[in-house]
Amino acid sequence: MRVLVVEDEAALRDTLKARLSEAGFTVDVASDGNEGLFAAQEYPLDVAIIDLGLPGLNGLELIRRLRAARKTYPILILTARDNWQDKVEGLQAGADDYVAKPFHFEEVLARLQALLRRAGGWASPQLKCGPLTLDTRAQSVTVNGKPVDLTTFEYRILEHLMLRAGDVISKSELTERLYDQDFERDSNVIEVLVGRLRRKLDPGEQLRPIETLRGRGYRFALPRDTAP
Amino acid sequence: MSVSVPLALFFGVMMLVLDSGFRVLSQRSVGEVLDRQMVALIAAAEPQPNGGYAPAPHTLDPRLETPRSGLYAQIRSPQHEWRSPSTAGLDVDFGGLLAGGQRDLTYGTFGHDRVAIASRSIQFEDDPSGARSLTFSIAASLSPYEEQLWHFRRQLVGWFIGLMLALLVTLAALLRWVLSPMRRLEREIYQVEEGRSETLGGGYPRELSGVASNLNALLIGERKRVSRYRDTLGNLAHSLKTPLAVMRASLQGGEDAAPRVSAEIDRMTGIIEHQLKRAAASGGALLGAAPVEVTQVAAELRSALLRVYADKDLAIELAVAPGAQFIGDRGDLMELLGNLLDNACKWCRSRVRLTATGDEHAGPRERLSLMVEDDGPGISAEDRARVLQRGVRADERVPGHGLGLAMVRDTVDLYGGRLAIDTSPMGGARFSLRLPGR
């Protein structure tokens, strides 16, 4: 999952970047509104965290511009002025949720994951597709109730595919979600990772959870369990 | 005084108009005198043995016989000239001969006298060449008229100056009387400023009593606000000292202090937020506050909350009576409803309802009735009591019901309203508020 953090306070920005990376996100950062606007339009994001009190272009205006530019990914706002007037304005501008400063990182993470789930059409933090269950909070995966041990990259790929189960996701999109902007990109890595995932999730080759569509990408093929 | 300038201008113009009117009148009367004398002179003229013409003796106005009387006459033909005895010793010039049938009116100076001179020429019918034609002239001194004019002007100026002074004095007295309540207001405001009195007195005229009572409202509001800020600062300082002491103690204790410190930071954050909000709540904008439409605020909050709780199968019903208004600060109403609705959305299973109605029979600070209810688990009796209890600080708040409810309680108190918690027919908690409004 690729997240953009627009926050002018360096200490907070660095902490968010470090902890979000730890939590498995690919993190882009911007320190003011204009930089944020550029990054938000340039990178293929899944979610953005925007501070309302930004220098340059303020947070509200940034959100309005992004929505006007038809960027539909979820936006989480951070605000130091924790009053309803500001929250309502932020949400009306097009944000999806808010966290008041000072916050616990766990709170931000939980909100982010909830937003991503919602954007993928999932109602609960546990994504269930037949025998396969992925828990976005615990970052754990089980098949028929038995835990499967995945590396960080494997987990990220599976989470991305499952959040948008049924959609075709290109190799380049997966690469971009895995690596920061400066990283060397090699699409073979994705093939290798998907291959390893398949072996770990489906050693008997009965489930076939991940389809390859030649020249187009991958698709998570198991149907979602809609009832919780 | 600024009124005196237009007044003087007005009087000046009036004087000019009157003066010119008087001049026209006096000119007309001079003209009449000249005409009358002219007719008499022509009637009295008789041919003389020497071929000239002169009036018969004792037929003339006695003034023409008296030297320097101010009335003069002349009869002139090309060869002869007769002048009235009144011109004796004066250097006079009645002007030249006129052609037959002509009339003329000129002005000249006889001695030191300004005179108006009327001349008329008469031609005999049997003398077409005009060789025997006569020019009659009458001159009348203008000094009596000029004297009258100056007299009139002196009187005019005298009257006008007197009138103007009287008017200005009346006006000044009137203004002083009319503005005396303003001066009293000024004096009383000054006294309040000096701290010698708390509020303005009563008994102002109707036009000013609104201003006075609004100023009083402002003063009271301001005083409340100041004392609230002072309390907030005091509370803040005191309540922050405890967590600071705990943090210092755990840091000096040697063992891993991080969890303890982190907990205390949470507590401090809570305290700061609570006190800030308490201080920021305007608490009954008594002055110039436009009533806030509940519908609008409720609709904004509803759409915001539906966004936030997008993954909950949630229905927020708004039963807001049209025209239900809150009298106070819009931000305060937003905080009140925001906190209550957010709380309800958090705890409900699927339904939240906001009811707002006006009650004109209630007390002035309780005319707006607001109700927020949900179908969640509700709040236990002890917890209700704790939420409502005054003096329970933010850091001793009811777990799960957050800072928000303490804030709601404080804001309702500031507005002098009422807050009650019971069980909704929907199954969950019901918060009933009474606030200033309609």
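No value in this document is a laboratory result; all are computed from the given coordinates. Source: prediction; values computed, not measured. Cβ sites come from the backbone with ideal geometry, for glycine too, and all protein chains shown count toward neighbours.
Data overview
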| read-out | value |
| --- | --- |
| Neighbour-count ranking [beta-carbon atoms within 10 angstrom, fewest first] of A:191, B:46 | B:46, A:191 |
| Dipole magnitude of region B:4-149, debye to nearest 20 (Cβ charges: Lys/Arg +1, Asp/Glu -1, about Cα centre) | 180 debye |
| Test item: B:307-314 mean partner chain Cβ contacts at 10 Å | 5 |
| Peptide A:87-93 - average C-beta neighbours from other chains (10 Å radius) | 5 |
| Nonlocal amide H pairs with residue A:97, under 5 Å, H built at 1.01 Å | A:75, A:77 |
| Mean Cβ count within 10 Å, highest first, over the residues of peptides B:208-218, A:92-102 | A:92-102, B:208-218 |
| Footprinting exposure proxy for B:77, B:2 (fewest neighbouring C-beta atoms within 10 Å first) | B:2, B:77 |
| Karplus 3J(HN,Hα) series, Hz, for region B:381-388 with 6.51 cos²θ - 1.76 cosθ + 1.60 (x for Gly, Pro) | 4, 5, 5, 4, 4, 5, 4, 7 |
| Cα gyration tensor, region A:111-216 - rounded (a/c under 1.5), prolate or oblate | oblate |
| Karplus (6.51, -1.76, 1.60) ³J(HN,Hα), θ = phi - 60°, over region B:36-52, in Hz, Gly and Pro reported as x | 4, 4, 4, 4, 4, 5, 5, 5, 7, 5, 10, x, 10, x, 7, x, x |
| Cα shape, region A:2-120, gyration tensor, a/c 1.5 rule | rounded |
| Base-10 log of normalised Debye intensity for chain A (one unit scatterer per alpha-carbon) at q = 0.08, 0.14, 0.16 Å⁻¹ | -0.30, -0.88, -1.10 |
| Taking N as its residue count, the alpha carbon Rg of chain B over 2.2 N^0.38 Å | 2.31 |
| Other-chain or far-sequence residues with amide H under 5 Å of residue A:27's (modelled H) | A:3 |
| All lysines inside 26 Å of residue A:101 as judged from Cα atoms, apart from same-chain residues fewer than 8 positions distant | A:17, A:71, A:87, B:241, B:277, B:312, B:346 |
| Loop-located GluC sites (Glu not before Pro) in region A:131-181, at most 13 other Cβ atoms within 10 Å (DSSP) | none |
| Burial ranking of peptide ranges B:78-87, B:163-172 (average Cβ count within 10 Å, highest at the top) | B:78-87, B:163-172 |
| Stokes-Einstein diffusion coefficient of region B:137-289, Kirkwood radius over Cα pairs, 4 °C, 1.567 mPa s, in µm²/s | 56 µm²/s |
| Test item: Cα-centred dipole of chain B, Lys/Arg +1 and Asp/Glu -1 on Cβ, debye | 1380 debye |
| Calculated SAXS-style log₁₀ I(q)/I(0) at q = 0.05, 0.06, 0.09, 0.10 Å⁻¹ - the protein assembly as shown, Debye, Cα scatterers | -0.50, -0.57, -0.95, -1.07 |
| Electrostatic dipole magnitude of region B:292-435 [Cβ: Lys, Arg +1; Asp, Glu -1; Cα centre; debye, to 20] | 140 debye |
| Region B:88-165-region B:198-213 distance, computed between alpha-carbon centres (Å) | 72 Å |
| Distance from region B:324-387 to region A:75-125 (C-alpha centre basis), Å | 24 Å |
| Residue (of B:263, B:163, B:82) at the positive-pole extreme of chain B, dipole from beta-carbon charges | B:263 |
| ³J(HN,Hα), Karplus 6.51/-1.76/1.60, whole Hz, each residue of region B:131-145, x for Gly, Pro | 5, 9, 5, 10, 10, 9, 10, 10, 10, 10, 5, 8, 4, x, 5 |
| Placed amide H near residue A:130: partners under 5 Å, 5+ positions off or other chain | A:225 |
| Footprinting exposure proxy for A:84, B:159 (fewest neighbouring C-beta atoms within 10 Å first) | B:159, A:84 |
| Among A:57, A:47, A:34 - extreme Cα towards positive end, dipole of region A:2-120, charges at beta-carbon | A:47 |
| For A:114-127, mean number of other protein chain Cβ atoms within 10 Å | 1 |
| For region B:20-63, with +1 on Lys and Arg beta carbons and -1 on Asp and Glu, the positive-most of B:49, B:27, B:38 along the dipole | B:27 |
| Kirkwood hydrodynamic radius (C-alpha pairs) into Stokes-Einstein, region B:1-149, 25 °C and 0.890 mPa s, D in µm²/s | 143 µm²/s |
